[in-house]
Amino acid sequence: MANPEKRKTTKLKQPGFLTRMRASLNKGDSWLTYDLRNLLPGETVDQDALDELETRLLLADVGVDATSQVMNRLQTLFDGGRLRSSKDLGKALREHLGNVLAPCEQPLEIPDDTRPYVILMVGVNGVGKTTTIGKLAKKLQDSKLSVMLAAGDTFRAAAVEQLIGWGDRNDVPVVSQGSGADSASVVYDAYSRAKARGIDVLIADTAGRLHTQGHLMEELKKIKRVMGKQDETAPHEIMLVVDATTGGNALQQAVAFNDAIGLTGITVTKLDGSASGGIVFAICQKLGLPLRFIGVGETADDLGVFEADNFMDALFNKS
């Protein structure tokens, strides 16, 4: 049995992220706060207001399951005479939406006794996966961890170049074998080099693929098997990156990738560009997987550790 004292972990720092998140989510048209203001111009809550709120939540991609859970609780409060003013509704809505997110607040922590700690990044094309890898590498560096990147997206030459660019800017080594190389071979090689150099964290990129492309999903399984031959516990984190602006498609992707390879964490990008960021709630309600990070902008500092209370405060315009 491992000595408990050795199970120390490194928590990632995020100075100033809360301020950036609030600014990004509340540009005057936050999907939730805007709808609440326009839904309740007066002070009294009636059944029509509740029915309209349910519609707004569904349109915001909160999802049928999460919306039903929240609305059932709000209806109970309303029927019991405990939901009469807009203030009552806002407080109750924040509480019950927050309850959906709370179980998914599980930050990524890097244990000190696992080297290299391997993060396998997966997702469809266009979600910001390679950019997220670069931002995460910077965040790990800021936490005093050494990082190596594996350019496993060998189908798209631009992805390799993009990853190398991130590596150059942050002085992070990148292992690549050129366009068309076997992805599993690239990751295998990267692990060997990271192990030999005593690197703390290896982040492996993979080719963007639709969750319906069976042959490409099989390639992910191959990468996972190959890594297991070097370290039976690797990859230690299989992180899916989804784009908030794709709404319900992001939920479908999460379900499909989880079924195929077993996800351990999710990162949601582009929340600053989404009028319907409710997909965060839908994913948490459906899968209950750790929501590791959220992205609210283009810079490395705009990728932050997900914290449920702070996220809810930002949505409800609480400074």
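The values are calculated or read from the model by the stated rules, or taken from the named source; none is laboratory data. Note that the structure is a prediction, hence the values are computed from the model and not measured. With ideal geometry, Cβ positions are generated from the backbone for all residues, glycine too; neighbour counts draw on all protein chains shown.
If L97 satisfies every condition in (1) in contact (Cβ under 8 Å) with a residue 60 or more places away in the chain; (2) farther than 30 Å from R225 by Cα; (3) more than 21 Å from the chain's Cα centre (by Cα) but one, which is the exception?
(3)
Is there a residue in the range 155-163 that is charged (D, E, K, R), over 22 Å from the mean Cα position of the chain (by Cα), farther than 24 Å from T233 by Cβ and assigned to a loop (DSSP other than H, G, I, E, B)?
Yes, that holds for at least one residue.
Among the residues that make up the range 191-211, is at least one of them part of a loop (DSSP other than H, G, I, E, B), of a type in the set (A, V, I, L, M, F, W, C) and at pLDDT 95 or above?
yes
Select the helices (runs of 4 or more DSSP H) contained entirely in the range 1-81, then report the ones holding at least 2 residues which are at pLDDT 90 or above, among the polar types (S, T, N, Q) and surrounded by 15 or more Cβ atoms within 10 Å (Cβ to Cβ).
Here the list reads 64-79.
Pull up the range 222-249, narrow it to residues that are closer than 21 Å to V280 by Cα and without any contact (Cβ under 8 Å) to a residue 40 or more places away in the chain, then point me to the one that is surrounded by the fewest Cβ atoms within 10 Å (Cβ to Cβ). It would help to see each step written out before you state the result.
Initial filter on the range 222-249 (closer than 21 Å to V280 by Cα): 237-249.
Filter once more, so that each one left must be without any contact (Cβ under 8 Å) to a residue 40 or more places away in the chain: 244-245, 249.
Working: A244: 26, T245: 20, N249: 16.
Going through the qualifying residues, I end up with N249.
Against the definition (within 22 Å of G304 (Cβ to Cβ) and either surrounded by fewer than 20 Cβ atoms within 10 Å (Cβ to Cβ) or modelled with pLDDT under 90 (or both)), how does P103 come out, yes or no?
Yes; evaluated as a whole, the condition is true for this residue.
Say we look at the range 123-164 and pick out the residues that are among the hydroxyl-bearing types (S, T, Y) and buried (at least 20 other Cβ atoms within 10 Å of the Cβ); which of these is farthest from L202 (Cα to Cα)?
T154
Based on this model, can you work out whether D153 counts as charged (D, E, K, R) and closer than 25 Å to T245 by Cβ?
yes
Which members of the range 165-183 meet the condition of being buried (at least 16 other Cβ atoms within 10 Å of the Cβ), within 24 Å of the chain's Cα centre (by Cα) and outside any loop (DSSP other than H, G, I, E, B)?
W166, G167, N170, V174, S183
Between M148, M121, which is closer than 19 Å to I199 by Cβ and touching a Pro at 6+ places or on another chain (Cβ under 9 Å)?
Values: M121 fails: touching a Pro at 6+ places or on another chain (Cβ under 9 Å).
After applying the criteria, what remains is M148.
Could you tell me whether any residue of the range 138-149 is at pLDDT below 95, closer than 24 Å to D231 by Cα and over 23 Å from the mean Cα position of the chain (by Cα)?
No, the range 138-149 contains no residue that is at pLDDT below 95, closer than 24 Å to D231 by Cα and over 23 Å from the mean Cα position of the chain (by Cα).
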